[in-house]
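The values are calculated or read from the model by the stated rules, or taken from the named source; none is laboratory data. Not measured: the values here are computed from a predicted model. We place every Cβ from the backbone using ideal geometry, glycine too, and count neighbours over all the protein chains shown.
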Amino acid sequence: MKDTALSKIHESLGAKMVPFAGYNMPVQYEGVKAEHEVVRTGVGVFDVSHMGEFMLKGERALDLIQLVSSNDASKMVDNQAQYSCMPNNDGGIVDDLIIYKKNDNEYFLVVNASNIEKDWNWISSHNDMGVEMTNLSEEYSLLAVQGPKAAEAMQSLTHLDLANIKYYTFDEGTFAGIDNVIVSATGYTGSGGFELYIKNEDAEKVWNAIFEAGADWGIKPIGLAARDTLRLEMGYCLYGNDINDSTSPLEAGLGWVTKFTKKFINSEALAAQKEAGITRKLVGFELVERGIPRHDYPIVDADGNEIGIVTSGTMSPSTGKAIGLGYVPKDLSSPGSEIFIQVRNKNIKAVVVKPPFYKA
């Protein structure tokens with residue numbers, strides 16, 4: 001089990017630590033509901049240093065990215081970020097990722113922790129273009145400072161104008177006295193904020209500076225459990241739950257990052273699927289009756305026939321409703337459709353709704 005550069009700090013703060021994607025990670029500190037509320041109303045800090053980072057450089061870096069990813073990276077300008085996914089050859093998804101464009105010949109890719117080796121091998125296997133690839137995952141720490149007060153609380157630490165770093169853009173500069181920090185705004189919580197990419201040796205200094213600067217704003221450390229409830233309230237996919245090697249990006253509602261204006265891996269088959277129409281779809285739902293949906297619970301129809309599976313589910317701290325995501329047949333995917341979630345052998349009525357579940 002690997003530690004992040006900050007694992008000892010989390011332990012000293014009383015965090016409950018759990019194994020996650022091969023790392024020793026803080027799942028919660030004072031409790032999921034309280035931590036969730038801090039991010040929705042104030043400012044909290046996640047250590048997400050388990051995520052993977054690759055640098056791609058060279059004249060054909062964009063060509064390689066265009067081949068392995070479904071979105072159109074040619075539309076990006078410098079200092080822009082783009083959400084995308086990497087299709088496999090079988091109609092599924094290798095991983096979802098964020099692509100950062102530094103300049104025409106330099107791209108920074110952020111991938112999921114559990115897929116670092118898989119993604120590296122996948123991209124490498126398609127690199128017959130002389131692109132210089134560097135796996136920086138073991139060198140970088142990643143802190144997500146999230147919440148509506150994040151910019152105000154952090155501004156004293158940098159000359160960068162945090163309030164003007166627009167959604168899915170980034171800047172690079174000095175932060176907490178450390179040079180060359182990437183500061184991005186690609187939040188996974190729906191409450192605004194920033195991500196800080198820093199070298200491992202600087203992580204503790206930056207962590208301490210963040211908490212000192214944010215003290216007047218009630219800043220707190222937040223665990224991965226609250227990160228999950230926050231992203232689920234927004235309807236954001238989690239790899240391994242809602243998308244995987246066998247889920248089509250079109251079924252998963254990721255058609256908006258699947259651009260058929262270019263050729264990419266398996267694009268012809270996915271275009272044919274789009275033309276023919278999908279048979280199942282990832283939907284959001286709210287329970288109408290009492291119960292809590294959980295990952296892998298069966299979804300059934302009014303007659304009790306199993307029609308799908310819950311991919312993510314929780315009791316939403318912000319709305320007080322039991323919510324979830326799951327795959328259902330296309331004819332039951334429209335908002336208002338009635339489905340049932342099997343909770344301990346009891347069929348609990350639910351209704352399909354369009355995410356996000358939480359609206360600020």
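Computed quantities for the displayed model
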item: Members of the stretch 204-242 that are within 21 Å of the chain's Cα centre (by Cα) and in a helix (DSSP H, G or I); result: LEU224, ALA225, ALA226, ARG227, ASP228, THR229, LEU230, ARG231, LEU232, GLU233, MET234
item: Hits in the stretch 8-32 (condition: of a type outside the set (A, V, I, L, M, F, W, C) and in contact (Cβ under 8 Å) with a residue 24 or more places away in the chain); result: HIS10, LYS16, GLY22, TYR23, PRO26, GLN28, TYR29, GLU30
item: Test result for GLU286, more than 20 Å from the chain's Cα centre (by Cα), farther than 25 Å from LYS359 by Cα, assigned by TED's automatic domain parsing to the domain that holds PHE340 and surrounded by fewer than 18 Cβ atoms within 10 Å (Cβ to Cβ); result: no
item: All positions within the stretch 157-171 that are surrounded by fewer than 17 Cβ atoms within 10 Å (Cβ to Cβ) and touching a residue at least 24 places away in the same chain (Cβ under 8 Å); result: TYR168
item: Cβ-Cβ under 9 Å pairs, at least 6 apart or on other chains, the stretch 74-99 side farther than 11 Å from SER246 by Cα, far side basic (Lys, Arg) and assigned to a loop (DSSP other than H, G, I, E, B); result: SER74/LYS262; LYS75/LYS259
item: The lone exception for PRO26 - which of (1) within 24 Å of ASN115 (Cα to Cα); (2) in the same structural domain as GLY190 (by TED's automatic domain parsing); (3) touching a strand residue (DSSP E or B) at 6+ places or on another chain (Cβ under 8 Å); (4) surrounded by fewer than 21 Cβ atoms within 10 Å (Cβ to Cβ) it fails; result: (4)
item: Where a residue in the stretch 184-202 is assigned to a loop (DSSP other than H, G, I, E, B) and its partner, wherever it lies, is buried (at least 23 other Cβ atoms within 10 Å of the Cβ) and β-branched (Val, Ile, Thr), with Cβ under 7 Å and at least six apart; result: THR189/VAL39; SER191/VAL39
item: Selected residue (criterion: surrounded by the fewest Cβ atoms within 10 Å (Cβ to Cβ)) from residues of the stretch 296-332 that are under 14 Å from ASP228 (Cα atoms) and hydroxyl-bearing (Ser, Thr, Tyr); result: SER316
